[in-house]
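J.: My questions all concern the structure below.
The values are calculated or read from the model by the stated rules, or taken from the named source; none is laboratory data. The structure displayed is predicted, hence computed values, not measured ones. Cβ atoms come from the backbone with ideal geometry, glycine included; neighbour counts cover every protein chain shown.
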Amino acid sequence: MWDDGFARVVLVGDADHPGFCRVILNAHKKEMTDLAEVERNRFMSTVFAVEKLLRELLTPEKINLASFGNVVPHLHWHVIPRFADDPHFPNSVWSARVREGARPLPVGFGRSLRQRLSELPGPNR
């Protein structure tokens with residue numbers, strides 16, 4: 001969806017959790033403290049910008065932010081819009097389902113998200 005050379009944003013395509021994005025650092029780093037403070041701030045600014053855009057475009061009940069890296073030890077954040085009727089709400093997206101079905105993304109969501117991401121400030125934000 002977006003890449004500024006420092007980090008990229010991908011739309012996961014999880015049918016159960018529409019709008020689920022990952023913000024991935026392009027450089028191979030394992031932990032947030034492996035980054036200089038300016039890099040940490042820039043990376044987290046991107047995570048927060050994606051959260052804000054998802055809130056504006058989808059009006060979810062809640063946004064979940066998560067960073068694990070246990071399986072893939074590479075810095076990335078999960079930015080997950082949550083809806084009261086999603087298959088796992090109010091539990092984590094990795095828990096057992098509590099209901100079936102999931103809402104579709106709004107028509108044109110991908111195009112809108114890509115456009116809004118392209119408006120993010122550049123490397124010197």
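J.: Would you point out the residue of the range 102-118, among those that are surrounded by 10 or more Cβ atoms within 10 Å (Cβ to Cβ) and not in a helix (DSSP H, G or I), that is modelled with the lowest pLDDT?
T.: Step one: filter the range 102-118 for residues surrounded by 10 or more Cβ atoms within 10 Å (Cβ to Cβ), giving 102-103, 105-106, 108-110, 112-118.
Checking which are not in a helix (DSSP H, G or I) leaves us with 102-103, 105-106, 108.
Numbers: 102: 85, 103: 89, 105: 95, 106: 94, 108: 95.
Among those residues, the one meeting the criterion is 102.
J.: Let me ask something else about it. Take the residues of the range 34-90 that are assigned to a loop (DSSP other than H, G, I, E, B) and among the polar types (S, T, N, Q): which is farthest from the chain's Cα centre (by Cα)?
T.: Here the residue is 70.
J.: While we're on this one: Out of 17, 28, which single residue is farther than 18 Å from residue 121 by Cβ and either surrounded by 13 or more Cβ atoms within 10 Å (Cβ to Cβ) or touching a residue at least 60 places away in the same chain (Cβ under 8 Å) (or both)? Spell out the reasoning first.
T.: Details: 28 fails: either surrounded by 13 or more Cβ atoms within 10 Å (Cβ to Cβ) or touching a residue at least 60 places away in the same chain (Cβ under 8 Å) (or both).
Exactly one residue qualifies, and that residue is 17.
J.: Just to be sure I understand, how many residues within the range 66-82 are free of Cβ contacts under 8 Å to residues at least 24 places away in the same chain and more than 20 Å from residue 36 (Cα to Cα)? Steps first, please.
T.: So the first thing to find is which residues in the range 66-82 are free of Cβ contacts under 8 Å to residues at least 24 places away in the same chain, and the list is 66, 68, 70-72.
Now narrow it down to the ones that are more than 20 Å from residue 36 (Cα to Cα): 66, 70-72.
Count: 4.
J.: Select from the range 31-52 the residues that are of a type in the set (S, T, N, Q) and in contact (Cβ under 8 Å) with a residue 24 or more places away in the chain and write down the one among them that is nearest to residue 78 (Cα to Cα).
T.: Keep residues of the range 31-52 that are of a type in the set (S, T, N, Q), which gives 33, 41, 45-46.
If we keep only those that are in contact (Cβ under 8 Å) with a residue 24 or more places away in the chain too, we end up with 45-46.
Values: 45: 14, 46: 12 Å.
That would be 46.
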